[in-house]
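Q: Input: one structure, supplied below.
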Amino acid sequence: MTFIKTTEQSSKYQHLEQMSVQELLFNINKEDQTVAVAVQQALPQIEIVVTEVVKKLKLGGRLFYIGAGTSGRLGIVDASECPPTFGVAFDLVNGIIAGGDQAIRRAVENAEDNTTQAWLDLQQHHINKNDVVIGIAASGTTPYVIGGLSKCNENNILTASITCNAASPISITSKLPIEVVVGPEFVTGSSRMKAGTAQKLVLNMISTATMIQLGKVKGNKMVDMQLSNDKLVDRGIKMIQLEIEVSYQQAAELLKKYGSVRKAIDNYKN
């Protein structure tokens with residue numbers, strides 16, 4: 001199959017600067033509605049990745065996301081939300097961006113073109129064969145990601161990828177590719193738009209489905225979430241109320257005593 005970078009193809013819309021605000025918003029939303037359909041078509045690929053990630057994490061492995069620019073930032077967002085949401089260790093899911101932490105806020109010149117840095121960055125975390133590395137790149141051509149995945153393959157570390165172009169170099173390099181082909185962007189080449197949305201949806205699926213499979217959700221509740229502010233404490237109290245049918249005050253006392261929603265529920269029932 002010939003590699004065609006559809007994320008870089010010309011927008012279907014012309015003369016954007018002549019559109020009214022209403023027209024701009026309508027057309028952006030119209031394009032965004034196609035993203036979920038594209039993700040749906042990739043569900044079999046996503047299922048394979050989640051299944052393998054769960055296997056590795058149950059064996060004591062970790063999950064790493066590597067990417068540059070928007071893709072790298074999305075990986076960091078997903079990784080950083082796992083500890084507070086699911087109560088897991090801060091280093092179970094890790095996001096690594098080309099150019100280091102400074103690149104989260106400001107682009108670092110030529111960082112994504114370095115073919116050897118991703119492996120060096122992964123080695124800082126003592127990467128090993130129990131771990132999984134997912135490369136994220138809308139284009140599917142980012143040298144930083146390709147180089148990292150290639151070195152992981154050489155070292156028997158399971159690799160996967162999330163891209164928005166079919167048959168890209170990153171898909172070919174990774175063992176378990178996920179391809180969500182969203183087509184041309186509303187603003188030509190602006191892959192932070194539909195491609196970024198697609199990547200975020202897939203990352204949500206991977207981390208959430210994995211954590212549920214690891215037992216970090218009870219019923220439909222985040223019973224292991226970190227109680228890091230008043231809003232979350234209140235949510236935790238209400239979870240306990242619903243689960244064991246006690247008053248708000250009783251639930252608050254149980255939460256204070258045991259320190260987590262899960263422990264409060266389990267110890268009350270026992």
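The values are calculated or read from the model by the stated rules, or taken from the named source; none is laboratory data. No experiment lies behind these values; they were computed from the predicted model shown. Neighbour counts are summed over all protein chains in view; Cβ atoms, including those assigned to glycine, are modelled from backbone coordinates with ideal geometry. The accessibility values were calculated without ligands, DNA or RNA, using every heavy atom of the protein model including side chains. Shrake-Rupley method; radii C 1.70, N 1.55, O 1.52, S 1.80 Å.
Q: Just to be sure, is residue 208 out of contact with any helix residue (DSSP H, G or I) (no Cβ under 8 Å at 6 or more places or on another chain), open to solvent by 40 Å² or more (accessible area, probe 1.4 Å), of a type outside the set (Gly, Ala, Ser) and under 28 Å from residue 41 (Cα atoms)? Before you say what the answer is, go through the steps one by one.
A: Values: out of contact with any helix residue (DSSP H, G or I) (no Cβ under 8 Å at 6 or more places or on another chain): yes; open to solvent by 40 Å² or more (accessible area, probe 1.4 Å): yes; of a type outside the set (Gly, Ala, Ser): yes; under 28 Å from residue 41 (Cα atoms): yes.
For residue 208, the condition - out of contact with any helix residue (DSSP H, G or I) (no Cβ under 8 Å at 6 or more places or on another chain), open to solvent by 40 Å² or more (accessible area, probe 1.4 Å), of a type outside the set (Gly, Ala, Ser) and under 28 Å from residue 41 (Cα atoms) - is met.
Q: Of everything in segment 238-258, what is aromatic (Phe, Trp, Tyr) and exposed (fewer than 15 other Cβ atoms within 10 Å of the Cβ)? Give them in sequence order. Before the answer, list the steps.
A: Our first condition is that a residue be aromatic (Phe, Trp, Tyr); within segment 238-258, this holds for 248, 258.
Result: 248, single match.
Q: Here is a further query. For the subset of segment 7-27 comprising residues that are within 27 Å of the chain's Cα centre (by Cα) and open to solvent by less than 100 Å² (accessible area, probe 1.4 Å), which member is farthest from residue 140 (Cα to Cα)?
A: Ranking the candidates gives 27 first.
Q: Does residue 185 fit the bill of being buried (at least 22 other Cβ atoms within 10 Å of the Cβ) and of a type in the set (D, E, K, R)?
A: Values: buried (at least 22 other Cβ atoms within 10 Å of the Cβ): yes; of a type in the set (D, E, K, R): yes.
Considered against the rule, which asks whether it is buried (at least 22 other Cβ atoms within 10 Å of the Cβ) and of a type in the set (D, E, K, R), residue 185 comes out as yes.
Q: Among the candidates 109, 81, 52, 47, which residue alone is out of contact with any Cys (no Cβ under 6 Å at 6 or more places or on another chain), over 21 Å from residue 157 (Cα atoms), modelled with pLDDT of 95 or more and open to solvent by 30 Å² or more (accessible area, probe 1.4 Å)? Give the steps one after another, and end with the answer.
A: Values: 109 fails: modelled with pLDDT of 95 or more; 52 fails: over 21 Å from residue 157 (Cα atoms); 47 fails: over 21 Å from residue 157 (Cα atoms).
After applying the criteria, what remains is 81.
Q: Give segment 1-36 a look and list any residue that's touching a residue at least 24 places away in the same chain (Cβ under 8 Å) and either among the aromatic types (Phe, Trp, Tyr) or assigned to a helix (DSSP H, G or I) (or both), or say none. If you could, list the steps in order and put the result at the bottom.
A: Let us first name the residues in segment 1-36 that are touching a residue at least 24 places away in the same chain (Cβ under 8 Å), namely 1-13, 16, 27-28, 31-32, 34-36.
Correct list: 3, 6, 7, 8, 13, 16, 27, 28, 31, 32, 35, 36.
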